[in-house]
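Notes follow the structure.
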Amino acid sequence: MNQIPVQDVTPKKSGKGKQNKENFDLYAKREHIYVKFYKGFFKNFRTISSAIMLLMFYGFSWIQWDGRQAVLFDLPNRQFHVFGMTFWPQDFMLLSWLLIILAFTLFFVTVFAGRLWCGYACPQFVWTWFFIWAERITEGDRNARMKLDRAPWSKDKVLRKSAKHALWLLIATTSAIAFVGYFTPIRELLPAVFSWNLGPWETWWLGFLAVATYGNAGWLREQVCIYMCPYARFQAVMFDQDTLIISYDENRGENRGKRKKNADYKADGLGDCIDCNACVHVCPVGIDIRDGLQYECVACGACVDVCDSMMDRMGYERGLVRYTTEHALEGNQTKLMRPRLIGYFACLMAMCIAFGYTILSRVPLEVDILRDRGQLYVENSQGKIENVYTLKIANKEQVDHKYELSILGLDGLEMVGEKVLLVKAGELLDHPIRLQIEPTYLERANYDIRFKVQAIDNEAILVEEENRFIGPAPRR
């Protein structure tokens, strides 16, 4: 392993007057983290938030809406159904807009209260806690797991390890099935899984997602957050002295030390921290919050809960480790209303209002007009000037509609062909159409015209598209 000599920050002179040097490894070896079971307010809050997310993830694909799966991303047909709305590839701008809104939401929450997303809603940590739960019920709590890992292989150890990994694989497999169920209808996918009648893409994604979930939540865990997640790296840029973060009150806690419950520890120069290391034992990323704010911290509140329980046992005031701000720790007043936070909130509200208006006023009809590029115009057997077009009509609703076609913008222009079209739910219909006109109506070579497509059963569904009608150049 590569090593470099680093000068000690507190140099000590040797007998020859030279400074001592230490060797530090460039790459830290991972130490397995044994998370201890605990109880507390923030754990209950995280359990509720995780349960809601898991319920949504596993349950939304089973909801039926107007005879079809409520949330289904139908890639072969390029249709994305979200409850009562159907989106097409042309609507991907709305997806970009939504992602920008989510990014600004993350920025706002981070400036206000740090990494709440990581601690209470990030899928990586929701599944990590899920896997830790499976580990605890099969191998026992922290001390039991440490003892089991140190013990030689035995029948009991094999059974416990096998049960843990079997439960991990079950969670990973069901997670993969639930995810793929948003792209292949879940009511078709599940029987196909049990009968092993899967297509190549379903097989690939089920296997990939199961292995990824098993590896990320079971084996890598905090390594994903520390080394793979970019949010851990740039979060500090958004923090300020009024950001709500988990902190250890050093002024109150130092000096640390063991003591009896009813001892006069103040007389011995000790602070409230009894140096029990409970905050380290419950931390899912294995840090010591007493060392100050660290980018590895995911703000899950585990150290807050366990420290409060220790303070209760000792009869001390809660809050030695708590959600607070740097200004509050220094004895100053926390500023809730600050320019950056107000700016994020204003931008977020403006985008949410505009996005909501766009969704609510969205017309579930897409119309594209393509002129025949093979020829500008033709003169038919009746002596009329004729242009040929192809209408692409996409019914974005989940019910069938009849649409009436009409032409505006040029007197004397006639439509040849069907003027009422039935387009089924989610269908993209190609309809050829011919427009013709007497040459006497044409005073120039081209005209701007409008194609009007109106749903017969719903006046609100109306689209007008512009195009051009081309004729011969007028004679002089």
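One table, with the values for the structure above:
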{"read-out": "Selection from segment 85-99 of residues that are of a type outside the set (A, V, I, L, M, F, W, C) and surrounded by fewer than 12 Cβ atoms within 10 Å (Cβ to Cβ)", "value": "Pro89, Ser96"}
{"read-out": "Filtered residue count, segment 153-206, keeping only those that are closer than 24 Å to His81 by Cα, in a helix (DSSP H, G or I) and hydroxyl-bearing (Ser, Thr, Tyr)", "value": "3"}
{"read-out": "Of all residues in segment 356-369 being among the hydrophobic types (A, V, I, L, M, F, W, C) and open to solvent by 40 Å² or more (accessible area, probe 1.4 Å), the one that is farthest from Val388 (Cα to Cα)", "value": "Leu360"}
{"read-out": "Count - residues of segment 233-252 that are assigned to a helix (DSSP H, G or I), surrounded by fewer than 20 Cβ atoms within 10 Å (Cβ to Cβ) and not aliphatic (A, V, I, L, M)", "value": "5"}
{"read-out": "Subset of segment 266-290 that is in contact (Cβ under 8 Å) with a residue 24 or more places away in the chain and open to solvent by 30 Å² or more (accessible area, probe 1.4 Å) - its residue that is farthest from Val35 (Cα to Cα)", "value": "Cys276"}
{"read-out": "Per-region count, segment 311-333, residues under 31 Å from the mean Cα position of the chain (by Cα), open to solvent by less than 40 Å² (accessible area, probe 1.4 Å) and either among the aliphatic types (A, V, I, L, M) or over 30 Å from Lys260 (Cα atoms) (or both)", "value": "2"}
{"read-out": "Any hit, segment 298-310, residues being open to solvent by 30 Å² or more (accessible area, probe 1.4 Å), within 25 Å of the chain's Cα centre (by Cα) and closer than 24 Å to Phe108 by Cα", "value": "no"}
{"read-out": "Filtered residues of segment 128-139 (kept if under 10 Å from Lys36 (Cα atoms) and either among the aromatic types (Phe, Trp, Tyr) or open to solvent by less than 60 Å² (accessible area, probe 1.4 Å) (or both))", "value": "Ile132"}
{"read-out": "Residue in segment 284-301 that is under 27 Å from Phe41 (Cα atoms), at pLDDT below 90, touching a Ser or Thr at 6+ places or on another chain (Cβ under 8 Å) and outside any helix (DSSP H, G or I) present", "value": "yes"}
{"read-out": "Count - residues of segment 53-93 that are among the polar types (S, T, N, Q) and within 16 Å of Asn395 (Cβ to Cβ)", "value": "4"}
{"read-out": "Criterion violated by Arg78 - all others in (1) more than 30 Å from Gln223 (Cβ to Cβ); (2) in contact with a helix residue (DSSP H, G or I) (Cβ under 7 Å, 6 or more places away or on another chain); (3) touching a residue at least 12 places away in the same chain (Cβ under 8 Å) satisfied", "value": "(3)"}
{"read-out": "Of all residues in segment 372-397 being open to solvent by less than 20 Å² (accessible area, probe 1.4 Å) and in contact (Cβ under 8 Å) with a residue 60 or more places away in the chain, the one that is farthest from Glu464 (Cα to Cα)", "value": "Ile385"}
{"read-out": "Hits in segment 223-232 (condition: in contact (Cβ under 8 Å) with a residue 24 or more places away in the chain and either within 18 Å of Leu106 (Cβ to Cβ) or not in a helix (DSSP H, G or I) (or both))", "value": "Val224, Cys225, Cys229, Tyr231, Ala232"}
{"read-out": "Hey, Trp117 more than 30 Å from Leu336 (Cβ to Cβ) and either under 25 Å from the mean Cα position of the chain (by Cα) or assigned to a loop (DSSP other than H, G, I, E, B) (or both) or not", "value": "no"}
{"read-out": "Residues that are touching a residue at least 60 places away in the same chain (Cβ under 8 Å), of a type outside the set (Ser, Thr, Tyr) and surrounded by 14 or more Cβ atoms within 10 Å (Cβ to Cβ), drawn from segment 180-222", "value": "Gly181, Phe183, Pro185, Ile186, Asn216, Ala217, Gly218, Arg221, Glu222"}
{"read-out": "Matching entry among Asp141, Asp156 (being out of contact with any helix residue (DSSP H, G or I) (no Cβ under 8 Å at 6 or more places or on another chain), touching a residue at least 60 places away in the same chain (Cβ under 8 Å) and of a type outside the set (A, V, I, L, M, F, W, C))", "value": "Asp141"}
{"read-out": "Residue tally, condition at pLDDT 90 or above and within 29 Å of Met238 (Cα to Cα), over segment 73-93", "value": "0"}
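The values are calculated or read from the model by the stated rules, or taken from the named source; none is laboratory data. Keep in mind that what you see is a predicted model, and the values were worked out from it rather than measured. Note: ideal-geometry Cβ built from the backbone for every residue, glycine included; neighbour counts use all protein chains shown. In case anyone asks, the SASA skips ligands and DNA or RNA and just uses the protein heavy atoms, side chains included. Shrake-Rupley method; radii C 1.70, N 1.55, O 1.52, S 1.80 Å.
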